[in-house]
1. Let's test this: bin the Cα-Cα distances of segment 177-281 at 10 Å from zero up to the farthest pair and state each bin's percent.
2. Can you compute the helix-only [θ] at 222 nm over the chain? Use -39500 (n - 2.57) per DSSP H run of at least 4 residues, normalise by all residues, nearest 500 deg cm²/dmol.
3. Apply the Karplus parameterisation 6.51 cos²θ - 1.76 cosθ + 1.60, with θ equal to phi minus 60°, to every residue of segment 210-219 and state each ³J(HN,Hα) to the nearest whole Hz, in sequence, with x for glycine and proline.
4. Whole-Hz ³J(HN,Hα) for each residue in segment 191-201, computed from phi via Karplus 6.51 cos²θ - 1.76 cosθ + 1.60 with θ = phi - 60°, x for glycine and proline: what do you get?
5. At 7 Å along the Cα-to-beta-carbon direction for both GLN211 and ASP238, put a label point, then send me their distance in nm to one decimal.
6. Roughly how large, in nm² to one decimal, is the mean projection of the convex hull of the alpha-carbon atoms in segment 89-238?
7. About the Cα centre of segment 7-279, what is the dipole size in debye to 20, counting +1 per Lys and Arg Cβ and -1 per Asp and Glu Cβ, all else neutral?
8. Can you work out ³J(HN,Hα) from phi for every residue in segment 159-166, in order, using Karplus 6.51 cos²θ - 1.76 cosθ + 1.60 and θ = phi - 60°, giving whole Hz and x for Gly and Pro?
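Coordinate-derived values only; no laboratory data. Since this is a predicted model, take the numbers as computed values, not measurements. Note: ideal-geometry Cβ built from the backbone for every residue, glycine included; neighbour counts use all protein chains shown.
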Amino acid sequence: MRRAVLLVVAVIASLLAGCGSQIGYHFADTYIEWQIDDYVDLTDTQQQTVSDALDQLHHWHATEELPTYQSTLQSLRDKIANNSLTKADINAIQNAMLDAWKRIRGAIVLVVGKLYPTLTSAQKQQIISKMREKVKERRQDYNSERETERQLARFDDIADDLSDWLGDLTTAQKHRLGEFAKHSDDRTLWFDYQDAWIDALEQVVSYADKQRSLASVKALILKPETLRSEALKQQISDSSTRRLSFIWQTYKSMSSIQRVRVLNKLDGYINLLAELSADFH
């Protein structure tokens, strides 16, 4: 999940593993297993280890995290309904999203802790090689695009998401969106960061001390930001500032019809989150 009337709402929704239905969420752990299979060939025993660990992660996410997302969206919905939402509220939601992602990383570490000690040197190298391959492919795809093409694609993607939440956009909203879409991040900084992370991973998996190696892998998962360049950190900060301003201005420009549509969409997500969480209790 990779945007709504408030872009952050869509990102929170994406924490449902990209699932728009109960069926999709219930099979989220299976989907993750398929993704793991794309990176490494596991033995039957290792696959069972992963499956059991992901079942636990899935249950934790449904019973602990989904109610948190529900509460966040309910607070957002209430503030929109009584017209008390502030720019600071939106910023707080963005920070809450980051905190949620950190908690998920912590849960992922538990899965890694069970699988990593069973991996052979060949399997570790297979994972690293696959990671490098995927970053290389994404970098090549990015470099093959013209900046105008990226801006147009960015405009279309955000316009589709906004229209899904707001309905028809006004001329002023489209203009504001056009200005926002002109500022696309330099993805090469992200690719460089990903390559640096993979380099660090390759180094720590080679440690002879298995406990030190596992601890170092966990640290890379929990605090990958330490490998970001100063240029990337600045870009993230600038992008966050622009996004917050865009969300706030879009919110303030909503018509009464758009406001009702947003409230109805939020009600749908809130009810879905409650149903999903209840299914796991």
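1. Reading upward from the zero bin: 12, 23, 21, 28, 14, 3, 0.
2. One gets -26000 deg cm²/dmol as the mean residue ellipticity at 222 nm.
3. Values per residue, Gly and Pro as x: 5, 5, 5, 4, 4, 4, 6, 5, 4, 5 Hz.
4. 5, 4, 5, 5, 5, 5, 5, 5, 4, 5, 5
5. The answer from the label model is 4.6 nm.
6. Its average projected convex-hull area is 11.2 nm².
7. 940 debye
8. Along segment 159-166, the couplings run 4, 4, 5, 5, 5, 5, 8, 9 Hz.
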